[in-house]
Amino acid sequence: MLRDIHLAFIKMHILYHAAQEEVFGIGLIKELKRHGYKLSPGTLYPTLAKMQESGLLTCECRTVQHKQRKYYRITRAGEELLDEVKEKLKELYDEIVKENDT
């Protein structure tokens, strides 16, 4: 169960960062590590592929230092989902954290 929740948060991070700029696998692993997530390529790359298949991300392959690298960017559908997620997270935060502070 906790793994499912972590994966959902990871997907939110991916959408957020892909909305800010193009992202790629190793860069995302490093960024997510800053947030305390230990993510292997074996988890990240299938997640990115599923998000692309779902129409949340686009992918462009480029050669960088003689290696193929996939760059991901958020789609309009991904932006809409991210907006909805932000709203739901705010509601949840207000309910869980703010109510407990009063």
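The values are calculated or read from the model by the stated rules, or taken from the named source; none is laboratory data. Owing to the predicted nature of the structure, the values given are computational and were not obtained by experimental measurement. As a convention, Cβ positions derive from the backbone with ideal geometry for all residues, glycine included, and neighbour counts pool all protein chains shown.
Which of the following residues is part of a helix (DSSP H, G or I) and loosely packed, with under 10 Cβ neighbours inside 10 Å: Val85, Val97?
Val97
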### Query
Is it true that Tyr71 is more than 17 Å from Tyr16 (Cβ to Cβ) and aromatic (Phe, Trp, Tyr)?
no
### Query
Just one of Tyr37, Tyr72 is modelled with pLDDT under 95, hydroxyl-bearing (Ser, Thr, Tyr) and more than 10 Å from the chain's Cα centre (by Cα); which is it?
Tyr37
